[in-house]
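Worksheet: one structure, shown below.
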Amino acid sequence: MNEQTAAKVNIVGTGISNVSLRETMDIFNRWVDAGEKKRVCVTPVNCVVWAHRNRPLKELYNSADLTLCDGVPLIWASKLLGTPLKGRVTGLDLLPQYMEECYHRKYTMFLLGAREGVAEQLKTAYEQRFPGIRITGLYSPPFAEQFSEAENQKMIRLINEVKPDILWVSLTAPKQDFWIYDHLDQLEVKVAIGVGGAFEVAAGLIPRAPRFMQQNGLEWLYRFYKEPRRLFNRYFVEAPRFIPLVVRQKIRKQRFIP
């Protein structure tokens, strides 16, 4: 596992970086100021379950410079396994808070992905809140399970024309993570990070769960209420597979303690 930036906690084979939100943003600042190129994954529970069965996905997460904890169940699992994580670092929190940080530090940003028009609305909303914020490019590619080589090269060209410090990618996980992984060598960016559906929420197009639900592991329920058709499989078919995987890891870990 790539632990050069921060220690990673093994949760059913995927290393989750043990960092807080504030520590994550401080790390980003160091990378940008040093001119480094880094890859970051925001990792929900369902992707950890997929990675357990998908070796390329597991390698993608374990080789990332940061693999962030996007889900209270990952916190619970880390405590059960005796290696507690410091807290969640979700795309819904990281995107708006670090965009404000970028405003104050005069970093440049590119918004890639989401539905047509969403990135524009996000850019407009933040330019109104933070006049002078440096969102230097955006592009929403047409929906495709897999982009053509011509479309990939178009995205790379648009990004490299402005050479942003931060590349925010909203193509859903793990599609966004594979895209960054496959093309990072060609991208002139400092930090590339996939944040799923955070563009819509940050733009004010989809309301976020009340804070008490966020703090008590119930944000998933609010999101399901808002988008039941899209999220049913994730929350009621894929996520329950996580529990027996964690229990099995706990049993095996205890069994081999000398």
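The values are calculated or read from the model by the stated rules, or taken from the named source; none is laboratory data. Everything numeric here is computed off the predicted structure, so don't read it as measured data. Cβ sites come from the backbone with ideal geometry, for glycine too, and all protein chains shown count toward neighbours. Ligands, DNA and RNA are excluded from the accessible area calculation, which covers all protein heavy atoms including side chains. Shrake-Rupley method; radii C 1.70, N 1.55, O 1.52, S 1.80 Å.
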Reported set for the stretch 131-151 where residues are open to solvent by less than 20 Å² (accessible area, probe 1.4 Å) and out of contact with any strand residue (DSSP E or B) (no Cβ under 6 Å at 6 or more places or on another chain) is Ile133, Pro141
Of Val195, Val162, the only residue that is touching a Gly at 6+ places or on another chain (Cβ under 6 Å) and open to solvent by 50 Å² or more (accessible area, probe 1.4 Å) is Val162
Scanning the stretch 221-242 for residues that are in contact (Cβ under 8 Å) with a residue 24 or more places away in the chain, hydrophobic (A, V, I, L, M, F, W, C) and open to solvent by 60 Å² or more (accessible area, probe 1.4 Å) gives none
Restricting attention to the stretch 129-155, the residues that are outside any helix (DSSP H, G or I) and under 27 Å from His104 (Cα atoms) number exactly 11
Filtering the stretch 70-128 for residues that are on the phi > 0 side of the Ramachandran plot, in contact with a helix residue (DSSP H, G or I) (Cβ under 6 Å, 6 or more places away or on another chain) and part of a strand (DSSP E or B) leaves a count of 0
Kindly evaluate Leu158 against the criterion of being touching a residue at least 60 places away in the same chain (Cβ under 8 Å), part of a helix (DSSP H, G or I) and among the aliphatic types (A, V, I, L, M). no
Condition set aliphatic (A, V, I, L, M) and either more than 28 Å from Glu200 (Cβ to Cβ) or surrounded by fewer than 22 Cβ atoms within 10 Å (Cβ to Cβ) (or both), scope the stretch 58-76, selection modelled with the highest pLDDT: answer is Ile75
